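The values are calculated or read from the model by the stated rules, or taken from the named source; none is laboratory data. Small disclaimer: the values here were computed from a predicted structure and weren't measured. Cβ: placed from backbone, ideal geometry, glycine included. Neighbour counts: every protein chain shown.
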Amino acid sequence: MGRVVVIQHLTLDGVMQAPGHPEEDPRDGFEHGGWCQADNDPVMQDVIGARMGASWSLLLGRTTYERFADFWPRQGANPFTDALNRVRKYVASTTLTEPLGWVNSTLLKGDAADAVAALREQEEGTFVVFGSGVLVRSLARRDLVDEYVLQVHPLVLGSGRRLFPEAGPLASFRLADSVTTATGVIIATYQKKES
């Protein structure tokens, strides 16, 4: 059985919107894009790489997929870019059609949570989710997230899209690991408690 691992940058107030660059996601008038760049640290890459494991696929919502597909194939060779371009990508969208433009991309058919539940049953390995807040919330509602790797930045933005909605489902996790970077980012790994 496969596992779903959500890897997110978050602020102290739970914002996950547009951590990478200023133009990344201006929806709802968000003006703080690129907020995580000042806190980048080599420890972050090491921890994230270890959490992804050797056998993994990428699981993305439409918005994150379109942004990644526009950005990563145009980057110079480096281990992260090479891994993202090479890996199998599953895309949850009701508006995209196949064929998808980024190599090794497959469109999930029907309800995203149903499709991911079927993937977990059919395939081994780790399904890694970056960004994709709408997708993550739909998976959380169905109890399909096995692990959260949260990179919590020492920053409060006061506005922006948050990872966990105010009226979300009850879920219980255990802290499996935590690391603090030199820039003050706490990387906390939470695993679902077994029933």
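Brief remarks on what is shown
- In region 93-111, the residues that are touching a strand residue (DSSP E or B) at 6+ places or on another chain (Cβ under 8 Å), in a loop (DSSP other than H, G, I, E, B) and within 14 Å of LEU60 (Cβ to Cβ): SER93, LEU96, LEU100, TRP102, ASN104
- The residue of region 128-181 that is farthest from ALA112 (Cα to Cα), among those that are free of Cβ contacts under 8 Å to residues at least 24 places away in the same chain and among the hydroxyl-bearing types (Ser, Thr, Tyr), is THR180.
- Residues of region 4-40 satisfying the condition of being assigned to a strand (DSSP E or B) and in contact with a helix residue (DSSP H, G or I) (Cβ under 7 Å, 6 or more places away or on another chain): VAL4, VAL5, VAL6, ILE7
- Out of TYR65, TYR90, one residue alone is outside any helix (DSSP H, G or I), modelled with pLDDT of 90 or more and surrounded by 12 or more Cβ atoms within 10 Å (Cβ to Cβ). It is TYR90.
- Elements of the type strands (runs of 3 or more DSSP E) sitting completely within region 112-195 and holding at least 1 residues that are modelled with pLDDT of 95 or more, under 17 Å from the mean Cα position of the chain (by Cα) and among the hydrophobic types (A, V, I, L, M, F, W, C): these cover 126-130, 147-153, 186-192.
- Failed condition for CYS36, given (1) out of contact with any Pro (no Cβ under 6 Å at 6 or more places or on another chain); (2) in contact (Cβ under 8 Å) with a residue 60 or more places away in the chain: (1)
- Boolean, VAL116 is within 30 Å of ALA167 (Cα to Cα), β-branched (Val, Ile, Thr) and in contact (Cβ under 8 Å) with a residue 24 or more places away in the chain: yes
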